[in-house]
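Heads up: the structure comes next, in structure tokens.
The values are calculated or read from the model by the stated rules, or taken from the named source; none is laboratory data. Treat the numbers as computed from the prediction; the structure is a model and nothing was measured. Note that we place each Cβ from the backbone using ideal geometry, even for glycine, and neighbour counts take in every protein chain shown.
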Amino acid sequence: MRSLTAATLRELPQDKVEAALKALGPDKLDELQHSWDFWARPEQIQPEGKDWNNWFINSGRGWGKTRCGAEWVREQVKAGHKRIACIASTNSDILRVMVQGESGFLNVCWKGDKTHKGKEMGFPVWSPTKRTLEWANGARVEFYSAEEPERLRGPQFSAAWCDELAAWNRDQDTWQMLQFCLRLGKHPRVCITTTPKPTKLVREILKNPKTHITRGTTFDNSANLADTYLTAVSEQYEGTRIGRQELYAELLEEAEGALWTTETLDAAAIKHEDVPDLTRIVVALDPAVTSNAESDMTGIMVAGVDINGIAYVLGDYTDKLSPQGWASKAIELYHQYEADRIVAEVNQGGDLVKTTIHNIDDNVSYKAVRASRGKYARAEPVSALYERGLVKHVTNPPDGANLNELETQYRTWQPLGRIGSPDRLDAAVWALTELCLGGYSKPKLTLAYSSAKGLSK
């Protein structure tokens, strides 16, 4: 029973709080300071029962997801688990969030920790080269990045914590590899902590009958968040789609009036190994012409078309880049995929775009496109291609350049909505317009993607 918690103390008058704490004594107070049972809200404690395999914590920013995940792993170690996997979105997130973050292991663990059987555990030892945390009782946590699913070949675990799963680049591959690793103990389990996005994997896990779902909002943790922060995000994002997602953890499917539906995008899924030889491949750019903190992202998409007129969106390389950066990236992809053209919108950059590209590689085939019509008029014919089954999305690009963020923009963009610059969508529309809607009259019949699938060049 959680008889004494931070929440119950907050409800007592100050004199009774002081009396209760004084009665505990210094040793008990020290232990209480490091007790998750004391600090956690009821919904942050592992669900009871044995009828679940995945604990999916679907909550808004600042809810306490990271702390909850780290404490859950700590509890597994106390319970006797010896091999546990922790998977972050990127390699940098391992150290920055999971290990050294304010709610990471090095800040939540305690030198006085003991197992449930009373054996001393001590403070874990972090090994940056091995990417492990090890306790005195022999328990070891191994850290992995969702950018490198192949590293999960070989190890085995009895539990795993997956942080920000909705942001994983190679989500399907990483999740599948993890499932093969969960083979130790009587009942391997996974704790998932994420702010939701309607990726295919997120939706699959949420529908799994063995998934226990905990939902929460940013405001559930108001006692531990600055009043100024809560006021600012409420004023700016209350009532918006981004607020519903990031603050209230709503899983937003498609917006009202969106040109692309979840059903259509699911039907477009294809694995990269099933993509046929392609007759054309293009790299499409929606470039940002400035490079400061307020600059837009540069949309960068690679797409191709086969001899039957079926188009394939092969990878999303959108990033916040300087003009030199996006030009270099586009040229790199042009050669990597053996593309026959770079297509770039020039409404903002004008001749700057062509000049920047050709200053790096004058041999690149380049085409400038100018938006003479509104986004909706340009996007609607492309969405019709999807409805007819003429566009496929590669779900597992070998280099992790997945299309999750593109699909989110597809689902959420509204012609009269508040998304100002759908960079990924714009670049994809330009690519598919070039390939499928008369943008190029003399296709060059090269079988390029067959050799580029492995992205070895």
Counting only residues that are surrounded by 17 or more Cβ atoms within 10 Å (Cβ to Cβ), of a type outside the set (S, T, N, Q) and either farther than 11 Å from Val283 by Cα or not assigned by TED's automatic domain parsing to the domain that holds Asp277 (or both), the range 328-363 contains a total of 6
Taking the stated definitions as given, is Tyr386 modelled with pLDDT of 90 or more, assigned to a helix (DSSP H, G or I) and at negative phi? yes
Keeping to the range 43-67, report how many residues are of a type outside the set (A, V, I, L, M, F, W, C), more than 18 Å from Val108 (Cα to Cα) and outside any loop (DSSP other than H, G, I, E, B). 4
Identify, from the list Leu278, Leu259, Leu230, Leu265, the residue that is at pLDDT below 90, in contact with a helix residue (DSSP H, G or I) (Cβ under 9 Å, 6 or more places away or on another chain), surrounded by 15 or more Cβ atoms within 10 Å (Cβ to Cβ) and of a type in the set (A, V, I, L, M, F, W, C). Leu259
Answer yes or no: is there a residue in the range 266-280 that is closer than 19 Å to Asn58 by Cα and under 24 Å from the mean Cα position of the chain (by Cα). no
Any chance Leu247 is out of contact with any Leu (no Cβ under 7 Å at 6 or more places or on another chain), surrounded by 23 or more Cβ atoms within 10 Å (Cβ to Cβ), under 25 Å from Glu164 (Cα atoms) and not hydroxyl-bearing (Ser, Thr, Tyr): yes
Does Tyr410 satisfy the criteria of being modelled with pLDDT under 90, under 22 Å from Ile310 (Cβ atoms) and crowded, with 16+ Cβ neighbours inside 10 Å? no
Take Asn208 and decide whether it is surrounded by fewer than 18 Cβ atoms within 10 Å (Cβ to Cβ) and touching a residue at least 12 places away in the same chain (Cβ under 8 Å). yes
Considering each of Glu238, Glu254 in turn, give the residue that is at pLDDT below 90, outside the structural domain of Thr174 (by TED's automatic domain parsing), more than 30 Å from Ala327 (Cβ to Cβ) and of a type in the set (D, E, K, R). Glu254
Among what's in the range 48-76 and is within 17 Å of the chain's Cα centre (by Cα) and basic (Lys, Arg), pick the residue that is nearest to Asn208 (Cα to Cα). Lys65
When the range 294-347 is examined, which residues are found to be of a type in the set (Ser, Thr, Tyr) and not in a strand (DSSP E or B)? Ser295, Tyr317, Thr318, Ser322, Ser328, Tyr334, Tyr337
How about the range 153-172: which of its residues are over 23 Å from Glu75 (Cα atoms) and surrounded by fewer than 23 Cβ atoms within 10 Å (Cβ to Cβ)? Arg153, Gly154, Ala166, Ala167, Asn169, Gln172
Residue hits (the range 243-272; free of Cβ contacts under 8 Å to residues at least 40 places away in the same chain and within 25 Å of Ala379 (Cα to Cα)) are Glu263
Considering the range 307-324, residues that are of a type outside the set (Ser, Thr, Tyr) and crowded, with 16+ Cβ neighbours inside 10 Å, and then whichever is nearest to the chain's Cα centre (by Cα), we arrive at Asp316
Could you look through the range 186-200, keep only residues that are polar (S, T, N, Q) and part of a strand (DSSP E or B), and pick out the one that is nearest to Asn404 (Cα to Cα)? Thr194
Find the strands (runs of 3 or more DSSP E) located wholly in the range 72-184 whose residues include 1 or more that are closer than 30 Å to Leu32 by Cβ and free of Cβ contacts under 8 Å to residues at least 40 places away in the same chain, and list them. 125-127, 132-134
